[in-house]
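Take a look at the structure set out below.
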């Protein structure tokens, strides 16, 4: 039962990313955020529920017709989290090494390690999305509705046809 919920959440996370990609294609970049759940995903931001529903349906159709890569997004919070962990580790490593070096060298070493961490975090975040936090296989997924809970808070509801 827990595995089924995790898989549903991962697929909805992928559909959330695809929906945002379609929305940005249609309307350009916007200030929004999303959060997936086992029965759909929330979108927070100034966005008409009808437009969100249209974009979600198009995203699902495109994923089902051979574009599962829409599930992975450069804007995902997973990327931010990975970057934070990598740069924290780099800072700790630089701090250890700075104790042996001078203060000035320690600062520049920390900056170098942090930049390296940011560069390495980009492919690591994409990998984590692709294999852990999202799924692009949505063949049996369907959208059952879109609801606005409050101004700026909408949810696209999904279910598995199986």
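The values are calculated or read from the model by the stated rules, or taken from the named source; none is laboratory data. Since the model is a prediction, treat every value here as computed from it, not as a measurement. Because the Cβ atoms are built from the backbone with ideal geometry, glycine has one as well, and the counts that use them run over all protein chains shown.
Going by the structure shown, is residue 8 surrounded by 16 or more Cβ atoms within 10 Å (Cβ to Cβ) and either at positive phi or touching a residue at least 12 places away in the same chain (Cβ under 8 Å) (or both)? It is true that residue 8 is surrounded by 16 or more Cβ atoms within 10 Å (Cβ to Cβ) and either at positive phi or touching a residue at least 12 places away in the same chain (Cβ under 8 Å) (or both).
With the requirement that a residue be touching a residue at least 24 places away in the same chain (Cβ under 8 Å) and loosely packed, with under 15 Cβ neighbours inside 10 Å, what does the stretch 52-68 give you?
67
Within the stretch 119-128, is even one residue crowded, with 19+ Cβ neighbours inside 10 Å and within 30 Å of residue 90 (Cα to Cα)?
yes
Sort through 144, 132, 119 and tell me the only one that's outside any helix (DSSP H, G or I) and either on the phi > 0 side of the Ramachandran plot or modelled with pLDDT of 95 or more (or both). Sole residue among the options that is outside any helix (DSSP H, G or I) and either on the phi > 0 side of the Ramachandran plot or modelled with pLDDT of 95 or more (or both): 144.
Just one of 78, 87 is closer than 30 Å to residue 113 by Cβ and more than 16 Å from the chain's Cα centre (by Cα); which is it? Break it down stepwise before answering.
Numbers: 78 fails: more than 16 Å from the chain's Cα centre (by Cα).
After ruling out the rest, the residue left standing is 87.
For the stretch 11-32, give me each residue that is surrounded by fewer than 16 Cβ atoms within 10 Å (Cβ to Cβ) and touching a helix residue (DSSP H, G or I) at 6+ places or on another chain (Cβ under 8 Å).
26, 27, 30
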